[in-house]
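Reading through the structure tokens given below for one structure.
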Amino acid sequence: MAHDDSRTFGEQQGVPCVLMRGGTSKALFFHLRHVPPPGPARDAFLKRAMGTPDPLQIDGMGGSRLVTSKVALIGPSTRPDADVDYTFAQCDVERDLIGYDANCGNISSAVGPFAVDEGLVEAVEPLTVVRIHNTNTGTVLVARVQVRDGKARVTGDCAIAGVPGTGAEILMDYTDTLGAKTGHLLPTGQAVDAIALEDGREVRVSIVDAATPCVFIAAGSLGLNGDEMPSAIGGDRALIETIGEIQARAGERIGLYAHWRDVHLPGLPLAVIVAPAKSEDSDLRARASCSSASATTAWRARARSAPRRPRAFRARWSMRPRATACAARCCASGIRWA
């Protein structure tokens, strides 16, 4: 897919950036001063840099997946309780769209190392604490970055599912992000909600706002086992439409949309399909420990983000089972058996 943006950007335009992985995602990192101000010019610039819209993103830096079609804009903090401002942007792959309505937990984990390496914060060995103001949600994240010789460490023995090899561990504190979008961890005030679908079915879900609103759906209620691969879910159009309706109705319930019919396959709330874990599970699995129950609950999860479901589980999604389990006595377990 060819682009003719010469009138907008000139024949050539050099802009410093860093292509950086955070968790199971990658993003282009820009200094805020190097990109246009908020508005159409910024949107066009970032989509052009990523190669959107194009399924292969062949004319940009994107990797033809939502998890590799992301942008982080970093600048001096506008808040006294933070060191840097961070704005996250999600570029669509095939559609000519870009969104700023949510944060990305994976990319958030790379903001601290970027701030250290770019001299935006003082590098303190062996550990530098970076307070990050996420402008998308108006919350502050705290990253603890391992530092050596004035730069963020890269090598280490930390391993995460979905990324080959090991690297330096980055500790993230997302405490301030609970209720970031709606003001409440459980926006409806309930651990479990019943959503009536247009075809007459009733699905029991948990709606949670931890960094970004998310709706947990019991796999069994969708006729799934919970271990389906991306192709099995993404290739089932009827299933995708059902999940989209659940997302839209949940979004209406928590005030994201005036009416669920106003949106089709919405990005928010994010959908996560949950089911009991099996002993052989080794990936895409979240474990939540409920101290009040003195027990450990484990389940498998499959995350979906319209219009494509990522191949990797996002960091901020893994926060929700933990946060909800501890705050609401494992509401995910409640919908699991519904």
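The values are calculated or read from the model by the stated rules, or taken from the named source; none is laboratory data. What you see is a predicted model; the values in this text were computed from it and never measured. All Cβ positions, even for glycine, are placed from backbone atoms using ideal geometry, and neighbour counts span all protein chains on display. For accessibility, only protein heavy atoms count, side chains too; no ligands or nucleic acids. Shrake-Rupley method; radii C 1.70, N 1.55, O 1.52, S 1.80 Å.
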Which listed residue is closer than 19 Å to Gly75 by Cα, of a type in the set (Lys, Arg) and modelled with pLDDT of 95 or more, from Arg131, Arg148: Arg131
Can you tell me which of (1) farther than 19 Å from Phe29 by Cβ; (2) surrounded by 18 or more Cβ atoms within 10 Å (Cβ to Cβ); (3) among the charged types (D, E, K, R) is the one Asp83 doesn't meet? (1)
Of the residues Ala168, Ala191, Ala210, which single one is touching a residue at least 24 places away in the same chain (Cβ under 8 Å) and touching a Lys or Arg at 6+ places or on another chain (Cβ under 6 Å)? Ala210
Single condition Met61 does not satisfy, out of (1) under 21 Å from Ala44 (Cβ atoms); (2) open to solvent by less than 60 Å² (accessible area, probe 1.4 Å): (2)
Counting only residues that are buried (at least 17 other Cβ atoms within 10 Å of the Cβ) and of a type in the set (Gly, Ala, Ser), how many does region 124-161 have? 2
Would you be able to tell me the number of residues in region 205-256 that are surrounded by fewer than 17 Cβ atoms within 10 Å (Cβ to Cβ), in a helix (DSSP H, G or I) and at pLDDT below 90? 4
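Tyr100: open to solvent by 10 Å² or more (accessible area, probe 1.4 Å), of a type in the set (Phe, Trp, Tyr) and within 20 Å of the chain's Cα centre (by Cα), yes or no? It would help to see each step written out before you state the result.
Working: open to solvent by 10 Å² or more (accessible area, probe 1.4 Å): yes; of a type in the set (Phe, Trp, Tyr): yes; within 20 Å of the chain's Cα centre (by Cα): yes.
Against the criterion (open to solvent by 10 Å² or more (accessible area, probe 1.4 Å), of a type in the set (Phe, Trp, Tyr) and within 20 Å of the chain's Cα centre (by Cα)), Tyr100 qualifies.
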Only unsatisfied item for Val93, checking (1) farther than 19 Å from Ala152 by Cβ; (2) surrounded by fewer than 22 Cβ atoms within 10 Å (Cβ to Cβ), is (2)
Among the listed residues Thr128, Thr155, identify the single one that is farther than 26 Å from Cys214 by Cβ and in contact with a helix residue (DSSP H, G or I) (Cβ under 9 Å, 6 or more places away or on another chain). Thr128
How do the pairs read when you match residues in region 243-265 that are closer than 24 Å to Ile233 by Cα with residues anywhere that are acidic (Asp, Glu), using Cβ under 7 Å and keeping only pairs 6 or more apart or on different chains? Glu245/Glu198; Trp260/Glu252
Of those in region 162-186 that are among the β-branched types (Val, Ile, Thr) and touching an Asp or Glu at 6+ places or on another chain (Cβ under 7 Å), the residue most open to solvent (accessible area, probe 1.4 Å) is Thr166
Give the residue, chosen from Ala275, Ala271, that is under 18 Å from Glu228 (Cβ atoms), touching a strand residue (DSSP E or B) at 6+ places or on another chain (Cβ under 7 Å), open to solvent by less than 50 Å² (accessible area, probe 1.4 Å) and at pLDDT 85 or above. Ala271
